[in-house]
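The values are calculated or read from the model by the stated rules, or taken from the named source; none is laboratory data. Not measured: the values here are computed from a predicted model. Here the Cβ is made from the backbone with ideal geometry for all residues, glycine too, and neighbour counts use every protein chain on show. Only protein heavy atoms, including side chains, enter the accessible area calculation; ligands, DNA and RNA are left aside. Shrake-Rupley method; radii C 1.70, N 1.55, O 1.52, S 1.80 Å.
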Amino acid sequence: MSRILVTEPVAEAGIEILRSAGNDVDVRTGLSPAELQQAVAGAHALIVRSATTVDADVLSAGSELVVVGRAGIGVDNVDVATATRRGVMVVNAPQSNILSAAEHTMALLLAQARNLPQAHAALVAGKWERSRWEGVELHGKTLGVVGLGRVGALVAQRAHAFGMRLCAYDPYVSSERARQMGVALTTLEELMARSDFVTVHLPKTPETLGLIGKELLAAAKPGLRIVNTARGGIVDEDALAEAVRSGRVAGAGIDVFATEPSTSSPLFELDTVVVTPHLAASTREAQDKAGVTIAEQVLLALAGDFVPLAVNVGAAEASETVRPFLPLAERLGRVFASLNDGLPDRLEVEYQGALAGYDTRILTLSMLKGLFAAGTEEPVSYVNAPQLAEERGLEVRESTTTSARDFVNLITLRGPDHAVAGTLAGVRAEPRIVMVDDHIVEVPPARHMLVVRNDDRPGMIGVVGLALGEAEVSISSMAVGPSAHASTALMVLSTDRPTPADVLDRLAQADGILDVHSVTSG
């Protein structure tokens, strides 16, 4: 059972998923920073939304944390770099609120163009001001989309339905993809100069902070209107307020602010600016989806499984073909670690067969996870395994070939002294170790295993069996493989418990036995 701390309101459906899995779910909202540091001690998972700051102090206090879940899209309130160094996975729910965010963008676009909040406020205050709140149509206007990600693409799609012309700035979108969407790619400066409306859909990073500031606004098309439902700080609030006052910018629709919660901004004083308190994701549907998604991702992380929505795993994608091989890769890493007395300087990982035609980086992460988990007290995850390899001077080389001689798919780990290979066999895709130190064997990986290399002569199996039998260690399965190049053979045995140290010593000293390794494969 894991303890999961939840510090902000999350959909009850998500909480129920966590509790039904047998976890202790501790919901404690409204915590101060000091109270959060106390509450996170002993927690294995922390779930937040946008109001909780998960900084280095919180991560240090949560020394047992495995995962931090952000029930929403952005993770700018989480110190991802520190989490990565500590081996803490950070996950989010990137698609939970994209539809709600796109719809809120269109709502602000329309509200700003037609001055709806201002007209409403005037009318309920007893003022009939038709001429003062005259608006503009969207049809025929140019909308500049800054960021053609999931939300930006949905906004572009909806703007098309209003008859708007579209241009966009996004260095990560190909011209062909933009053409299919009916969008003309431009530079940011050109976008600002030709757009009647601009909508921002970028993540908040050091590069995007203050991106739309004084210089860009000064060069904008006169009468421009700006909408920001992405992240506060991307649009410089002071510069925007100055541009609105000068008349260069006709108005704005702003949902996010540099500091939140925000009850004071120069934008609040301007009649042609429509503001909302970070409501883009605040729909019942979005919150339900975010809660369920983050609960599912947190459970995967706690179980040590592949987590598709981890934001600090370098290779977070795993196709349906690759995913079944993840446990095998981790077990091969553990077996390889047990065969080696210490960590080698170099490790070659080869993927053969149909598997090699896919992105296999996540398999290498899984292998490293198993490799280091076998020999370190530090928590090891998909997140910090590459960092551990770098710190320990392990050079990892990957190679792939779609041709395979004996198996449809094969994963091979090879170091200077030892090698191990495995595959999935049969219609049930059951894991099999099929090679150890270039001896062909076939045995299912087990938690406790014994690898014995010996002279290839009669009686050696009996020597090993007798020693294990006298120690009351039961053999579950066994494979024997002769060497193709020397008069030696290899035994790989699965046992019901670890082989005692004195038995290992006895076997190592027996005549005809060259070396013995006790293996734990997870």
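The table below gives the values:
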| read-out | value |
| --- | --- |
| Gap separating the Cα centres of region 119-138 and region 406-471, nearest whole Å | 80 |
| Evaluated at q = 0.12, 0.18, 0.19 Å⁻¹: base-10 log I(q)/I(0), Debye formula over Cα of region 301-375 | -0.33, -0.73, -0.81 |
| Selection from A61, L18, Y172, by position along the positive dipole direction of the chain (Cβ) | Y172 |
| Part-to-part distance (alpha-carbon centres) for region 153-182 and region 9-57, which is given in Å | 38 |
| Fraction of alpha-carbon pairs over 11 Å apart in region 93-135 - percent | 67 |
| Centre separation in Å (Cα based) which lies between region 285-309 and region 329-372 | 26 |
| Among 63-70, 36-43, the order from most to least packed when residues are scored by Cβ within 10 Å on average | 63-70, 36-43 |
| Under Karplus coefficients 6.51, -1.76 and 1.60, residue-wise ³J(HN,Hα) of region 488-505 in Hz, glycine/proline x | 10, 9, 10, 10, 10, 10, 9, 10, 7, 7, x, 6, x, 4, 5, 5, 4, 5 |
| Alpha-carbon radius of gyration plus Dmax, which is the widest Cα pair, for region 404-482 in Å | 14.1, 42 |
| Binned Cα-Cα distances of the chain, short to long, each 20 Å bin given as a whole percent | 19, 40, 27, 11, 3, 0 |
| Equivalent ellipsoid, region 182-244 (semi-axes from 5 times Cα gyration tensor eigenvalues, Å) | 17, 15, 10 |
| For the chain, share of DSSP beta bridges that run antiparallel, in % to the nearest 5 | 45 |
| Along each principal axis, Cα extent of region 269-315, largest first, Å | 52, 26, 12 |
| Those lysines that a straight Cα-Cα span of less than 20 Å connects to K141, excepting residues fewer than 8 apart in one chain | K221 |
| Share of carbon and sulfur in the accessible heavy-atom surface of region 261-410 [1.4 Å probe, %] | 47 |
| 0 to 90° range, to nearest 10: angle between helix 98-114 axis and the chain longest Cα axis | 10 |
| P(r), alpha carbons of region 141-285 - 10 Å bins starting at zero, rounded % | 12, 44, 36, 8, 0 |
| Equivalent ellipsoid dimensions for region 323-472 as semi-axes, Å, which come from the Cα gyration tensor, largest first | 26, 20, 14 |
| Region 1-103: C-alpha gyration tensor shape, a/c 1.5 cut-off, then a/b vs b/c | oblate |
| Cα-based equivalent ellipsoid of region 43-141: semi-axis lengths in Å, sorted from largest, via gyration tensor | 45, 15, 10 |
| Protection-proxy order for peptides 420-428, 214-222, each taking the mean of Cβ atoms within 10 Å per residue, highest first | 420-428, 214-222 |
| Overall form of region 437-522 per C-alpha gyration tensor (a/c, 1.5; a/b vs b/c) | oblate |
